[in-house]
Each structure stands twice: as structure tokens, then as C-alpha cells.
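Accompanying notes for the structure given below.
The values are calculated or read from the model by the stated rules, or taken from the named source; none is laboratory data. None of these values were measured; they are calculated from a predicted model. Note: ideal-geometry Cβ built from the backbone for every residue, glycine included; neighbour counts use all protein chains shown. When the accessible area is computed, the model is the full protein with side chains, heavy atoms only, and any ligands, DNA or RNA have been set aside. Shrake-Rupley method; radii C 1.70, N 1.55, O 1.52, S 1.80 Å.
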Amino acid sequence: DIFVMLGSQQKQELDVMEQQMTSWQEDGEEEDSKEEKSKEKSRTKVACLFGAPGSGKTLVGMELTRRLARAAQVDNPLVILTVADMQTSAPLMKSLAERSSDWGQEVQVVGWADLLSRHGLEEGKYKISDTTDYDYPRLLLDLSQAIEAAQPTGPVIIMVDELRGRHAPTVDKCHDWQALSHLGSRTTLVTIYNPGHTNLPVLLPTSCVRTTMEMTFRSSRKIIKLHQALVKAAGWKTILPYHPATEVE
């Protein structure tokens with residue numbers, strides 16, 4: 001059970017995000033018109049998770065995705081789990097498949113390249129000129145639209161792990177992800193950002209649900225210390241620019 005594995009901080013963050021993404025109307029408010037309710041729903045379609053390596057971002061993202069899927073179960077949602085730049089056969093992808101196998105509904109666990117190819121998208125077309133980065137906000141919008149076109153009815157819930165914050169246009173010395181505010185009307189997106197690949201502040205839509213998880217699991221801290229000790233003992237000259245807190249097979 002993923003929820004049991006989470007610490008108190010992760011559980012609190014998770015509960016807050018779930019409430020914000022599944023509650024469209026405050027207690028005591030009069031019922032809005034259908035148009036106003038639709039606008040309200042469109043303002044809470046994106047969750048963004050940040051945090052230190054090993055802080056439980058993936059666990060929280062998966063549990064949030066599971067809860068969103070459960071809340072929409074009556075409408076038979078399409079649920080997709082993927083990891084940016086990872087193949088379907090990668091260890092993390094296998095872990096996602098195992099942990100989602102008991103959700104009680106079909107979950108598609110698909111590698112990034114396979115997911116894009118399946119919907120007729122090529123990552124190379126989104127490369128930002130004169131950089132090594134890509135316009136992932138626009139890519140995610142196009143992916144959302146393509147998936148909705150292939151799935152004419154019902155909600156679409158997508159979780160994308162290991163996103164690189166720098167893969168977005170640079171505006172006012174920020175990585176601009178605000179385009180996610182135009183996500184498809186039936187799509188809910190849970191995004192998890194890799195802290196080692198964001199060298200500028202990330203500019204998000206004001207409508208998104210955002211949380212930064214500060215606390216690192218004790219097991220992750222031990223893995224980090226083990227990695228540092230092995231690097232030192234091996235005499236490696238090049239050290240990874242991030243801590244492989246959870247990148248252990």
C-alpha cells in the first residue's frame with residue numbers, strides 16, 4: 001500500500017492536493033451555472049510536484065493519480081503512467097506497473113517514446129532553437145489533444161514523472177510552463193519534476209495545484225551516503241550532478 005509507505009508530511013501534501021483537485025465548490029456556496037462550474041473545473045486540472053531526491057514525489061504522484069482515477073471511476077477514465085525519456089522496459093516503469101496493478105481498474109504504463117509514437121508525435125519537432133531543450137508544455141498540450149481524440153469519451157488522467165523543468169521556453173529568466181493552463185478539457189495531468197534538471201525558476205499556471213516536498217526519506221539519505229562513499233572509494237573524477245537517491249536497481 002503506497003499510502004502506508006508515505007511519511008506524515010507526504011500524507012498531508014497528498015490530502016491537500018486531492019481536496020483541491022476533486023472539490024469544485026466550497027461549502028455553503030450556491031450552485032453555479034454549468035458554464036461557471038466548467039470553468040472552475042478547468043482551473044484545477046494540473047498538479048505539479050517538486051522536491052528533493054527521495055522525498056516521495058513519485059509515491060505521492062501515484063497515490064494522487066490513483067485517487068483521481070477512483071473519483072472518476074464511474075466515467076471509466078483512461079489512466080496513463082509514463083516517465084519522461086524512459087523506455088517501457090526501464091526499471092522505474094516496471095515499478096510503476098507493479099504498484100498500479102492493484103488499483104482495481106486498467107492502467108496503461110507506457111514509455112515516453114512509445115506514448116508519443118502511439119499518438120503520432122515526435123519529440124524532435126518540439127526542440128527549442130539554439131538550445132538542447134524542448135518545449136514540453138506545448139508537447140503535453142498536443143499529447144492531451146491527441147489522446148482525447150483517440151478516446152472520444154470519459155476523463156483522461158496522465159501522470160508524467162521525471163520532467164525536466166528546463167524543457168520549456170525561457171521567459172523573464174524563468175522556465176515558462178504556463179501553457180499547461182490550456183490543457184484539454186477532459187484531461188487531468190499530474191507532473192513530477194526532476195530537481196537535478198531545473199536551473200531557473202519554473203513558471204506555472206496560477207490555476208495549478210503545486211507542492212514542494214522538503215523532507216527526504218531516511219532510506220534515501222542512506223543511499224546518497226552510500227553513493228558518495230562508492231564514488232570516493234572508486235576515485236571517480238566525474239560525479240553525477242544529482243543524487244541517485246531513488247535510481248537504484
Margin query: Heavy atoms of the protein only, probe of 1.4 Å, neighbouring chains included. What is the accessible area of H167 in Å², nearest 10?
Written below: 10
Check: Which of the GluC sites (Glu not before Pro) found in the range 88-170 are in a DSSP loop and have at most 16 neighbouring Cβ atoms, other than their own, within 10 Å?
Finding: E106, E122
Margin query: Using amide H atoms built in the peptide plane, which far-off residues or other-chain residues are under 5 Å from D135 H to H?
Written below: K127, I128
Notebook entry, point to check: R210's amide H: which non-local residues (gap 5+, or another chain) put their own amide H closer than 5 Å, with H modeled 1.01 Å from N in plane and none for Pro or chain starts?
Noted result: C48
